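To start, the structure under review is shown below, and the notes come after it.
The values are calculated or read from the model by the stated rules, or taken from the named source; none is laboratory data. Quick caveat, the model's predicted, so the values are computed rather than measured. FYI the Cβ positions are ideal-geometry reconstructions off the backbone, even for glycines, and counts take in every protein chain you see.
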Amino acid sequence: MSITEFKQAVSRFPSGVTVVAAEVDGEKVGLTVSSFASLSLEPPMVLACIDSRSASLAKLLHATEVGISILSEHQADYARRFASKIEDRFESVSHHQRGGAVLLDDAAAWLTGSISSAITDGDHTILTFRVTDFAANDNVRPLFYVQGQLLSIA
């Protein structure tokens with residue numbers, strides 16, 4: 001089994017697209033995450049899987065508060081931007097902060113919270129978050145990622 005074949009197989013599972021972001025030591029850090037899921041209702045928790053080699057992950061691990069923006073169908077450019085190697089990913093990106101959590105404006109939903117655990121297995125780190133606040137935007141639809149494409153579902 002090749003890595004390419006494995007990626008092609010699992011890419012058939014559609015997922016939402018998020019940007020996980022925080023301010024750490026006065027610097028905003030954020031990255032695109034499509035491997036995201038609800039983990040627990042009581043207490044409210046979510047998880048995100050991030051490449052362990054990510055420089056953004058190394059910084060996020062020091063965040064006291066983290067924001068998770070579930071991207072809307074109009075934010076495909078943001079998904080690409082926060083997945084890139086651009087140094088200032090927040091430049092020209094409409095966003096706001098709640099404490100140390102950084103949230104993108106006009107997202108489909110927002111969650112804030114703190115990292116509860118970090119578990120490294122394989123080449124990724126699973127971050128679990130305790131959610132302290134959230135909101136949904138009923139005026140937009142979410143963005144989806146499937147087979148390497150960012151899509152809107154009408």
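Of all the residues that make up region 80-108, how many are aliphatic (A, V, I, L, M) and over 13 Å from V20 (Cβ atoms)?
Adding up the residues that qualify gives 3.
Would you check if A22 is in contact with a Leu (Cβ under 7 Å, 6 or more places away or on another chain), modelled with pLDDT of 95 or more and either more than 22 Å from F144 (Cα to Cα) or among the charged types (D, E, K, R) (or both)? It is true that A22 is in contact with a Leu (Cβ under 7 Å, 6 or more places away or on another chain), modelled with pLDDT of 95 or more and either more than 22 Å from F144 (Cα to Cα) or among the charged types (D, E, K, R) (or both). Residue count for region 135-154 satisfying the condition of being part of a strand (DSSP E or B), surrounded by 14 or more Cβ atoms within 10 Å (Cβ to Cβ) and either of a type in the set (G, A, S) or more than 14 Å from the chain's Cα centre (by Cα) (or both): 3. Of all residues in region 1-20, those that are in contact (Cβ under 8 Å) with a residue 40 or more places away in the chain have Cβ atoms under 9 Å from Cβ atoms of residues that are hydroxyl-bearing (S, T, Y) and assigned to a loop (DSSP other than H, G, I, E, B), 6 or more apart or on another chain, in S15/S34; S15/S35; G16/S34; V17/S34; T18/S34. Take D88 and decide whether it is under 28 Å from S11 (Cβ atoms), in a loop (DSSP other than H, G, I, E, B) and of a type in the set (D, E). In short, no.
Looking at this structure, is A22 in contact with an Asp or Glu (Cβ under 7 Å, 6 or more places away or on another chain), closer than 25 Å to D77 by Cβ and not in a loop (DSSP other than H, G, I, E, B)? Break it down stepwise before answering.
Details: in contact with an Asp or Glu (Cβ under 7 Å, 6 or more places away or on another chain): yes; closer than 25 Å to D77 by Cβ: yes; not in a loop (DSSP other than H, G, I, E, B): yes.
Yes, satisfied.
Looking across region 95-113, the residues that are crowded, with 16+ Cβ neighbours inside 10 Å and part of a strand (DSSP E or B) come down to H95, A101, V102, L103, L104, A109, W110, L111, T112, G113.
For region 34-55, filtering for residues that are without any contact (Cβ under 8 Å) to a residue 24 or more places away in the chain and under 18 Å from T125 (Cα atoms) leaves 4.
Check whether at least one residue in region 13-36 is surrounded by 15 or more Cβ atoms within 10 Å (Cβ to Cβ), aromatic (F, W, Y) and within 26 Å of S152 (Cα to Cα), and report yes or no. Yes, there is a match, as at least one residue in region 13-36 is surrounded by 15 or more Cβ atoms within 10 Å (Cβ to Cβ), aromatic (F, W, Y) and within 26 Å of S152 (Cα to Cα).
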